[in-house]
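In what follows, a single structure is set out as structure tokens and then discussed.
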Amino acid sequence: MKPLQCILISTVIIFALTIPAATLAKSSEDFYEEEGQVFDEWDVCRTRCTGQGGFFQVFSETEFRPVIVFESLGENADEAYRLGQKFAEGYPDLSQRAEKIFTFARNKIRYSADADQFGFKEFAQNADEVAATIKLEGFTYGDCEDYAILLAVMYKGAGHRSAIVLAPGHAATLVYLPGYKRANRSLALDGESGWVWAEATGGNNHLGWMPEQYMGAQLTAYEVADEAMTALEAPGKSPATVTQKGGTRGIQISPFFGIIAFMWLLPMFRRRR
């Protein structure tokens, strides 16, 4: 077996995180609409990943901040965080615990395009919405950012360090597991090795398997802290009804993550001029 290769991932240092939200198995009154976009009670735009209000606050190919994760941690921790705590109680071994959490997310979320289940080209769910639907229905639907957000929060609840990682057109999770033997690549975050790729979007994936197309790609990661943020009052906003309708299975690239891919490609075009 070839020795593990080490990939240095550029990252943004993290500041804050947290808060739970209502399950999307039914219509919610906690959303409002503004200029055709849907926002939640924390003024996070669920239908856009880019910009100051976007759920990942993507500003460039090297700068983002996954604010939606802040809705499920710290003093506002809820369903997803408690799930992680239960895995910590049941599995004292760190590697086994991380694998069990990964398998839970992989098996309980069925990959589906947001347009099929929400009627929006893009709609990000926070970790507690995903966990609450799993608790109610036994499974749920989601796309890559939904897997990543749930895993990042569950790992924090279980006592692991975790991060959200963005690649062109894709989002995944990193978990800190130094010495983990099943990883096909050893990753470094801010110069610190021992990070493992968690790619739960495929039914046969295992923890530590990193898709080949991302091994040589521009990656940016943001480590998650167990902190909270405060919900904001939004008086006079037009309420938006968001209903989860189910979904159809199949891997598709989110249109807004297509924007991320475009951002990564821009420097290539600039260099050719």
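The values are calculated or read from the model by the stated rules, or taken from the named source; none is laboratory data. Quantities reported herein were computed from a predicted structural model and do not represent experimental measurements. All Cβ positions, even for glycine, are placed from backbone atoms using ideal geometry, and neighbour counts span all protein chains on display.
One residue is enough: does the stretch 190-197 have a residue meeting the conditions touching a Cys at 6+ places or on another chain (Cβ under 8 Å), at pLDDT below 95, under 29 Å from Glu61 (Cβ atoms) and surrounded by fewer than 24 Cβ atoms within 10 Å (Cβ to Cβ)? First the steps, then the outcome.
We begin by selecting, within the stretch 190-197, every residue touching a Cys at 6+ places or on another chain (Cβ under 8 Å); these are 193.
From what's left, at pLDDT below 95: none.
The answer is no; no qualifying residue exists.
Considering (1) crowded, with 20+ Cβ neighbours inside 10 Å; (2) more than 16 Å from the chain's Cα centre (by Cα), say which one Ala113 fails and leave the rest.
All conditions are met except number (2).
If you check Tyr147, Tyr141, Tyr155, which single one turns out to be within 22 Å of Val58 (Cα to Cα) and either part of a loop (DSSP other than H, G, I, E, B) or not aliphatic (A, V, I, L, M) (or both)? Steps first, answer last, please.
Working: Tyr141 fails: within 22 Å of Val58 (Cα to Cα); Tyr155 fails: within 22 Å of Val58 (Cα to Cα).
Exactly one of Tyr147, Tyr141, Tyr155 is within 22 Å of Val58 (Cα to Cα) and either part of a loop (DSSP other than H, G, I, E, B) or not aliphatic (A, V, I, L, M) (or both), namely Tyr147.
Working only within the stretch 168-186, note down all residues that are modelled with pLDDT of 95 or more and either closer than 19 Å to Phe59 by Cβ or assigned to a strand (DSSP E or B) (or both).
Passing the criteria: Ala171, Ala172, Thr173, Leu174, Val175, Tyr176.
Select from the stretch 219-251 the residues that are at pLDDT 90 or above and assigned to a loop (DSSP other than H, G, I, E, B) and write down the one among them that is nearest to the chain's Cα centre (by Cα).
The first filter runs over the stretch 219-251 and keeps only residues at pLDDT 90 or above, leaving 219-226.
Filter once more, so that each one left must be assigned to a loop (DSSP other than H, G, I, E, B): 219, 224-226.
Details: Leu219: 15, Val224: 11, Ala225: 14, Asp226: 15 Å.
Per the stated criteria, the residue is Val224.
Restricting attention to the stretch 51-77, which residues are assigned to a strand (DSSP E or B) and over 14 Å from the mean Cα position of the chain (by Cα)? Before the answer, list the steps.
In the first step, residues of the stretch 51-77 are kept if they are assigned to a strand (DSSP E or B); the result is 54, 58, 60, 63.
Matches in the stretch 51-77: Ser60, Glu63.
Look through Glu137, Glu223, Glu227 and report the one residue that is surrounded by fewer than 17 Cβ atoms within 10 Å (Cβ to Cβ), in contact with a Leu (Cβ under 7 Å, 6 or more places away or on another chain) and under 23 Å from Ile68 (Cβ atoms). Reasoning before the result, please.
On the way: Glu137 fails: in contact with a Leu (Cβ under 7 Å, 6 or more places away or on another chain); Glu223 fails: surrounded by fewer than 17 Cβ atoms within 10 Å (Cβ to Cβ).
Among Glu137, Glu223, Glu227, only Glu227 is surrounded by fewer than 17 Cβ atoms within 10 Å (Cβ to Cβ), in contact with a Leu (Cβ under 7 Å, 6 or more places away or on another chain) and under 23 Å from Ile68 (Cβ atoms).
Which residues, counting only those in the stretch 78-121, are among the hydrophobic types (A, V, I, L, M, F, W, C), in contact with a strand residue (DSSP E or B) (Cβ under 7 Å, 6 or more places away or on another chain) and assigned to a helix (DSSP H, G or I)?
Of everything in the stretch 78-121, those that are among the hydrophobic types (A, V, I, L, M, F, W, C), in contact with a strand residue (DSSP E or B) (Cβ under 7 Å, 6 or more places away or on another chain) and assigned to a helix (DSSP H, G or I) turn out to be Ala98, Phe102.
List the residue pairs whose Cβ atoms are under 7 Å apart, where the first residue sits in the stretch 48-73 and is farther than 28 Å from Ala158 by Cα, the second is of a type in the set (Phe, Trp, Tyr) and assigned to a helix (DSSP H, G or I), and the two are 6 or more positions apart or on different chains.
If the second residue must be of a type in the set (Phe, Trp, Tyr) and assigned to a helix (DSSP H, G or I), the pairs left are Arg48/Phe256; Thr50/Phe256; Glu61/Trp264.
Just to be sure, is Asn126 surrounded by fewer than 17 Cβ atoms within 10 Å (Cβ to Cβ), at pLDDT 95 or above and closer than 17 Å to Gly84 by Cβ? Don't jump to the end; show me each part of the working.
Numbers: surrounded by fewer than 17 Cβ atoms within 10 Å (Cβ to Cβ): no; at pLDDT 95 or above: yes; closer than 17 Å to Gly84 by Cβ: yes.
So Asn126 does not fit the description; no.
If I filter the stretch 200-213 for residues that are closer than 25 Å to Val67 by Cβ, part of a loop (DSSP other than H, G, I, E, B) and either at pLDDT below 60 or of a type outside the set (Ser, Thr, Tyr) (or both), do I get at least one hit?
Yes.
Matching residues to (1) closer than 17 Å to Gly157 by Cβ; (2) at pLDDT 95 or above; (3) crowded, with 20+ Cβ neighbours inside 10 Å:
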| position | (1), (2), (3) |
| --- | --- |
| Ala80 | yes, yes, yes |
| Phe87 | yes, yes, yes |
| Leu94 | yes, yes, no |
| Ile101 | yes, yes, yes |
| Asn107 | no, yes, no |
